[in-house]
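Structure, as structure tokens:
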Amino acid sequence: MKSAVETLNPTRVRLTVEVPFEELKPSLDAAYRKINQQVQVPGFRKGKIPARIIDQRFGRGAVLEEAVNDALPKFYSEAVSEGEINPLGQPDVDIKELKDNELLTFTAEVDIRPEIEIPDYSGIEVTVDAVEVADEDVDTAVDRLRERFASTTVVERAAAEGDVVKIDLEAKVDGEILEDGVASGVNYTIGSGGMLDGLDEAVTGLEPGSTATFTSELKGGSAAGQEAEVTVTVETVSSRELPELDDEFAQLASEFDTLEELREDSRRRLGDEKKYQQATDAQEKVLDALLDLVEVPIPQKLLADEIETRTHNLEHHQLSQLGMDLEAYLSLQEKTREEFDADLREQAEKGIRTQFVLDEIAKSEKLNVSQEELTEHLMRRAQSSGMSPDQFAKAVVEGGQVPMLVGEVSRGKALAVVVEHVSVTDSNGEPVRLDDDDEDEAAAEETATAESAPSGEPEETAEGQESSPSGS
């Protein structure tokens, strides 16, 4: 076999492969055996039909086609190895010449990873918010905990803000009751604003058994994004009583003996959260600055595949779980389809550039991923996806996506390396040291993964489709 590589552009090559016919013989023999098992010819036992009879009855061309389809992946893989190229996605294969008993010639055009030169990034400087926990932040955290321990008592009076009402809802669009627009016995806290716009105003002042009608834009379901006429009936009104903020409450709501200990623990937790957010913000800003320094050619077919994958994940994972289609989503976002497509293209381009750049840094820094690091990352990804670790691991293995997870960890480590070598200061002008601990590594992995991979459940990504051709 002879092969040659022609560079079409920085991200695409054409392989031209010539195969002497004798190298097709194993696939040709396999083709005869396969056809032998699939057909019947009077006078011959199944599997014992001579090759010349198969040629006469079914045509030599059918045998050659089967043999070529069988042999192409092997010859393509050998040409890729000989050419020392790094293909992305499926190749476009074209049979140029097939002379029986003489020669097979084919071409394969495929996207490749572009060669990237990583510049000196040590001069990058970014600023992030300082980690500051105000007394008001602690008050809010303690109040949220206090809300969880509130008691309710049914009362015979009009509903007021802060009350819990049990309500029935009925939504109509164009005068028709929606199949998924009826709900009964729903508990709702007035003032929480967590359901429908206008609901708070509609139920405030209603006594048990009273009804009100208001107009609201539906946030989910079959008519998401549409204006609906909503009828709400109050079944019961319950007042909420919050526990006193004292040491007794601290003992009820936590492992602490005093309210002061509870507040200090809340302050520490808030500080940890803000520190994690600070690390995430720093990594996002460093990554953006790094990408600004590097010119990355993008394979157009890979980009198209990535856009398709992201659109599929949005429509069939995220929006379907909300009972919403893309049209309703665009209405809620107040975007046109053109604006949505432009945003998605920009995100996909950034994702591909992020992958290429961080992969190159990981390669140059010789960063390896241990089994422990991979397991920890899998656990975090499972938690964020809402799946159990076992379910997530099974989906990853069955989808052949273990290399995808390894890549995510590797890119997170590469981003962490970059962050170590740049200047990060907070809004007070103080230098920020991002420690090389589990939390900061997790933040780096989260940032790299969010920027470079489609969202949704484990699923084959466009960038991961590095495989052989299976036909002509």
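Summary table below
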read-out: Test result for S388, assigned by TED's automatic domain parsing to the domain that holds K275, more than 20 Å from L287 (Cβ to Cβ) and hydroxyl-bearing (S, T, Y); value: yes
read-out: Residue check, Y76 under 30 Å from R353 (Cβ atoms) and aromatic (F, W, Y); value: yes
read-out: Count of the range 369-411 residues which are polar (S, T, N, Q) and farther than 21 Å from D359 by Cβ; value: 6
read-out: Qualifying residue in the range 153-161 (condition: within 34 Å of the chain's Cα centre (by Cα) and not aromatic (F, W, Y)); value: no
read-out: Selection count where residues are touching a strand residue (DSSP E or B) at 6+ places or on another chain (Cβ under 7 Å) and of a type in the set (A, V, I, L, M), scope the range 222-265; value: 6
read-out: Residue list for the range 236-263, filter: of a type in the set (A, V, I, L, M, F, W, C) and surrounded by fewer than 13 Cβ atoms within 10 Å (Cβ to Cβ); value: L252
read-out: Any chance K48 is under 14 Å from L104 (Cα atoms) and basic (K, R); value: no
read-out: Evaluation of R267 against (1) out of contact with any Ser or Thr (no Cβ under 7 Å at 6 or more places or on another chain); (2) surrounded by 14 or more Cβ atoms within 10 Å (Cβ to Cβ); (3) free of Cβ contacts under 8 Å to residues at least 40 places away in the same chain; (4) charged (D, E, K, R) (one fails), failing number; value: (3)
read-out: S384 being surrounded by fewer than 17 Cβ atoms within 10 Å (Cβ to Cβ), part of a helix (DSSP H, G or I) and under 14 Å from the mean Cα position of the chain (by Cα); value: yes
read-out: Pairs, first more than 14 Å from D180 (Cβ to Cβ) in the range 307-326, second among the basic types (K, R) and in a helix (DSSP H, G or I), C-beta under 8 Å, six or more apart; value: I307/R345
read-out: Subset of the range 126-165 that is among the small types (G, A, S) and surrounded by 11 or more Cβ atoms within 10 Å (Cβ to Cβ) - its residue that is farthest from G193 (Cα to Cα); value: A130
read-out: The range 198-230, subset surrounded by fewer than 14 Cβ atoms within 10 Å (Cβ to Cβ) and either over 18 Å from S184 (Cα atoms) or without any contact (Cβ under 8 Å) to a residue 12 or more places away in the chain (or both), residue nearest to the chain's Cα centre (by Cα); value: E227
read-out: Among (1) surrounded by fewer than 16 Cβ atoms within 10 Å (Cβ to Cβ); (2) out of contact with any strand residue (DSSP E or B) (no Cβ under 9 Å at 6 or more places or on another chain); (3) not hydroxyl-bearing (S, T, Y) - the single one Q300 does not satisfy; value: (2)
read-out: Criterion (modelled with pLDDT of 90 or more, assigned to a helix (DSSP H, G or I), more than 17 Å from A443 (Cα to Cα) and in the same structural domain as Q318 (by TED's automatic domain parsing)) met by exactly one of K394, K413; value: K394
read-out: Filter result for G89 (on the phi > 0 side of the Ramachandran plot and surrounded by 14 or more Cβ atoms within 10 Å (Cβ to Cβ)); value: yes
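Yes/no matrix, rows are residues, columns are (1) in contact with a strand residue (DSSP E or B) (Cβ under 8 Å, 6 or more places away or on another chain); (2) surrounded by fewer than 17 Cβ atoms within 10 Å (Cβ to Cβ):
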position: P20; (1), (2): yes, yes
position: G47; (1), (2): no, yes
position: P50; (1), (2): no, yes
position: I53; (1), (2): no, yes
position: A67; (1), (2): no, no
position: D70; (1), (2): no, no
position: A79; (1), (2): yes, no
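The values are calculated or read from the model by the stated rules, or taken from the named source; none is laboratory data. Just so it is clear, the structure is predicted and the values come from calculations on it, not from any experiment. Here the Cβ is made from the backbone with ideal geometry for all residues, glycine too, and neighbour counts use every protein chain on show.
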